[in-house]
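The block underneath contains the structure these notes are about, expressed in structure tokens.
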Amino acid sequence: MNQVKIGKFIAETRRGLNLTQRQLADRLSVSDKTVSKWECGKGLPEVSLMLPLCDALGITVNDLLSGERVAAADYRASAEQNMIHLLRERRENRTFLAVSAICGALSVIAGGALVALAAFADLPAAARIVLIVFAVAVAAVGIGGAAVLDRRAGHFECPHCKNLFVPTMKEYVQGAHTFTKRRLRCPACGKTGMCRHTLK
């Protein structure tokens with residue numbers, strides 16, 4: 001789904017109705033920063049906001065997801081294409097999440113096994129040091145790869161404004177986290193909180 005095209009369509013339709021970003025945001029009970037983010041192609045409205053947004057703009061959800069007004073004759077084909085794209089994106093996100101978990105687990109196991117080998121095997125000191133350094137490198141690369149895949153899978157949901165966003169890698173790495181949540185600053189409302197990882 002082309003977020004930039006959808007964002008331009010939202011902006012053009014809003015302007016055609018002589019609405020400011022603030023006026024549209026007020027109708028949807030979101031911040032004008034959230035509307036700006038959509039229009040810049042930096043994110044899509046969450047599912048619960050799509051119908052109210054479409055009502056406010058006088059368009060259909062199919063128009064929104066296509067990034068243009070869909071002719072009646074093309075409506076069904078376009079709807080099916082949008083549905084297929086959403087299902088494919090969700091499947092890809094699940095795959096990224098699963099590969100991330102496997103990658104992280106295997107790297108920790110491999111690193112631990114190499115450290116145990118270095119600790120208990122009868123090796124010269126130099127070989128032991130090389131093995132430990134290699135173990136740390138294996139674990140670091142594996143965990144780093146898992147983090148990249150985990151960040152890419154889905155979005156994080158702000159607990160304050162319910163905005164969906166993908167943090168920068170720096171924000172992702174620095175954020176304190178639990179298994180399903182990470183402490184992040186929402187780009188829409190500017191508040192920091194424990195944002196839930198979601199595959200929406």
Against the 2.2 N^0.38 Å rule of thumb, the C-alpha Rg of region 77-152 sits at a ratio of 1.70
Any lysines whose Cα falls less than 24 Å from that of K181, other than same-chain ones fewer than 8 residues away, would be K33, K37, K42, K162, K170, K191, K200
Length gained if R69 through A116 is fully extended, taking 0.36 nm per residue and subtracting the Cα-Cα distance, is 10.7 nm
In whole Hz, the Karplus estimates of ³J(HN,Hα) for region 7-13 (6.51, -1.76, 1.60; θ = phi - 60°; x where Gly or Pro) are x, 5, 5, 4, 4, 5, 5
Sorted on mean Cβ neighbours within 10 Å (highest first), peptides 114-123, 38-47 come out as 38-47, 114-123
log10 I(q)/I(0) for region 3-70, Debye formula on C-alpha points only (no solvent), q = 0.18 Å⁻¹, two decimals, reads -0.54
In order over region 131-137: 3J(HN,Hα) from phi, Karplus 6.51/-1.76/1.60, θ = phi - 60°, whole Hz, x for each Gly or Pro, gives 5, 5, 4, 5, 4, 5, 5
Only helices counted: for the chain, with every DSSP H run of 4 or more residues adding -39500 (n - 2.57) and the sum spread over all residues, [θ] at 222 nm is -21000 deg cm²/dmol
Taking N as the residue count of region 62-198, its alpha carbon Rg divided by 2.2 N^0.38 Å gives 1.51
Extension length gain for Q81 and V61 (0.36 nm per residue less Cα distance), in nm, is 5.9 nm
Expected unfolding gain across E12-M194 under the 0.36 nm per residue rule, minus the alpha-carbon gap, is 62.1 nm
Mean projected area (nm²) from the convex hull of Cα positions in region 1-148 is 12.0 nm²
Residue by residue through region 107-112, the couplings from Karplus 6.51 cos²θ - 1.76 cosθ + 1.60 with θ = phi - 60°, in Hz, x for Gly and Pro, are 5, 5, 5, 5, x, x
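Read the figures in this text as sums done on the coordinates, not as results from a lab. Small disclaimer: the values here were computed from a predicted structure and weren't measured. In this analysis, Cβ positions are derived from the backbone assuming ideal geometry, glycine residues included, and neighbour counts consider all displayed protein chains.
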